[in-house]
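Report on one structure; see the data block that follows.
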Amino acid sequence: TVSINSLGMRGPLPPSLPANGKRVLALGDSLTFAMQVDDSDTFVRKIETTLSTETPTTVWNAGVDNYSTMQAAHF
């Protein structure tokens, strides 16, 4: 399953976060977007799971599909 939220990012809209939580924005190219894998299997979700073991963390996936690293670097 590949989902795009109303912000144009991969995955569902992030939930509200407690005051002590963290938010991380993952920027990148098609490797970050990861069209070939399920939402829950992207490396961005894996990072979120790992970081959340210590502090509630939401990681937003702002990768751009069909972009290379060179194109993403020009932003």
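The values are calculated or read from the model by the stated rules, or taken from the named source; none is laboratory data. Note that the structure is predicted; figures quoted are calculated from it, not measured. Neighbour counts run over all protein chains shown; Cβ positions are idealised from the backbone, glycine included. Only protein heavy atoms, including side chains, enter the accessible area calculation; ligands, DNA and RNA are left aside. Shrake-Rupley method; radii C 1.70, N 1.55, O 1.52, S 1.80 Å.
Against the condition open to solvent by 40 Å² or more (accessible area, probe 1.4 Å), part of a helix (DSSP H, G or I) and not hydrophobic (A, V, I, L, M, F, W, C), how does THR1 come out, does it pass?
The answer is no for THR1.
Under 6 Å between Cβ atoms, at least 6 apart or on separate chains: pull out the pairs that start in region 43-70 with a residue that is free of Cβ contacts under 8 Å to residues at least 60 places away in the same chain and end on any residue that is part of a helix (DSSP H, G or I) and among the β-branched types (Val, Ile, Thr).
From residues that are free of Cβ contacts under 8 Å to residues at least 60 places away in the same chain, the pairs are VAL59/VAL44; VAL59/ILE47; ASN61/VAL44; GLY63/THR32.
I need the full set of residues from region 11-51 which are open to solvent by 50 Å² or more (accessible area, probe 1.4 Å), under 21 Å from THR1 (Cβ atoms) and assigned to a loop (DSSP other than H, G, I, E, B), in order please.
PRO12, LEU13, PRO15, MET35, GLN36, VAL37, ASP38
Looking at (1) surrounded by 18 or more Cβ atoms within 10 Å (Cβ to Cβ); (2) touching a Phe, Trp or Tyr at 6+ places or on another chain (Cβ under 8 Å), which is the only condition ASP65 fails?
Every condition holds for ASP65 apart from (1).
Name the pairs: first residue in region 1-13 and within 14 Å of SER30 (Cα to Cα) and of a type in the set (Lys, Arg), second residue open to solvent by 60 Å² or more (accessible area, probe 1.4 Å) and part of a strand (DSSP E or B), Cβ to Cβ under 7 Å, at least 6 apart or on different chains?
Listed pairs, sorted by first residue: ARG10/ILE4.
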